[in-house]
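Each remark here refers to the structure printed beneath this line.
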Amino acid sequence: MEPMNFAEVIAQTDVEMQRLGWTKDQGREHLKKTYGKRSRTLLTEFELLDFLQYLYLVSQPTPTLHEILIAKINVEMQRLDWTTEHIGEHLKKNYEKRSLTLLTEVELLDFLHYLVSQPTPPLEILIAKINVEMQRLGWTTEQIREHLKGRYGERSLTLLTELELLDFLQYLAPQSASPTLYEILIAKINVEMQRLDWTTEHIREHLKKTYEKRSRTLLTEVELLDFLQYLESQSDPLTGF
């Protein structure tokens, strides 16, 4: 992949901070709390992209756990190419309900675990779904080739592995500005950690003690959900609420 243009990404963070009404001091304080650094120029490539993602998502409406689970279920149903009839029949048979919105959070989690356990359809179906998404986005043949070369080192869909095809499909689907479940969870966790005034060292110690991992990016979605629920249960150190 091509190296990241730091100047361009920093310019994007400027735009997002202006949109949010952040002052330079607010930006510095956030960087210090989250990354232990006072300037964007001191951030690593990953930290800078993480900061930009945070700025983009922080002003978005905060989804509920119910909404997050439904979003993840929709991704899995797309992966499995389930029809509306198939979904309705499964819900009626297993939960005696005809709609995802009628399921409880426990039932949604059970349904999500079931979907995750199902094998992916043949590669031809994945390629067909990718073609639909690319047509929806109006991508040209040259755009497609350049993206595949930059992201996977290949110039044709037929040369991608199953994992790469799934990754590409998940990349295309959110281009309508709908963030992925992983992005939503990370953004919500960042908001909660800022509310609680957690330091970088505090975060690392908690992750290591609870999940035996040193970074949020290494957590599974289930672990991210668990961490988010833990943070939400903690009282604000300033207000006590």
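The values are calculated or read from the model by the stated rules, or taken from the named source; none is laboratory data. Please read all numbers here as calculations on a predicted model, not as lab measurements. Note: ideal-geometry Cβ built from the backbone for every residue, glycine included; neighbour counts use all protein chains shown. Just the protein is used for accessible areas: all its heavy atoms, side chains included, with ligands, DNA and RNA removed. Shrake-Rupley method; radii C 1.70, N 1.55, O 1.52, S 1.80 Å.
Results, tabulated for the structure shown:
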| item | result |
| --- | --- |
| CD proxy at 222 nm, helix term only [per DSSP H run n ≥ 4: -39500 (n - 2.57); per residue of the chain; nearest 500] | -21000 deg cm²/dmol |
| Surface accessible to a 1.4 Å probe, per residue, for the residues of the chain, Å² | 60 |
| Spacing of the two label points (7 Å from each Cα toward its C-beta) at Gln18 and Asn5, in nm | 1.7 |
| For segment 18-149: span of alpha carbons on each principal axis (Å, largest first) | 56, 43, 25 |
| Calculated SAXS-style log₁₀ I(q)/I(0) at q = 0.07, 0.10, 0.13 Å⁻¹ - the chain, Debye, Cα scatterers | -0.29, -0.61, -1.00 |
| Low-density loop positions, GluC sites (Glu not before Pro), segment 77-157 - DSSP coil, at most 15 other Cβ in 10 Å | Glu96, Glu154 |
| Of all accessible heavy-atom area on the chain, the percent that carbon and sulfur account for (1.4 Å) | 53 |
| Linear extension gain, Glu124 paired with Thr141, 0.36 nm per residue minus alpha-carbon span | 4.3 nm |
| Theoretical gain in end-to-end length, Gln53 to Thr83 [0.36 nm per residue, Cα-Cα removed] | 7.5 nm |
| Span from the segment 65-130 Cα centroid across to the segment 217-232 one, whole angstrom | 21 |
| 5 angstrom amide H check on Lys37, placed H, neighbours 5+ away | Lys32 |
| Alpha-carbon Debye profile of segment 87-140, log10 I(q)/I(0) at 0.13, 0.20, 0.31 Å⁻¹ | -0.52, -0.80, -1.11 |
| Burial ranking of peptide ranges 17-25, 199-207 (average Cβ count within 10 Å, highest at the top) | 199-207, 17-25 |
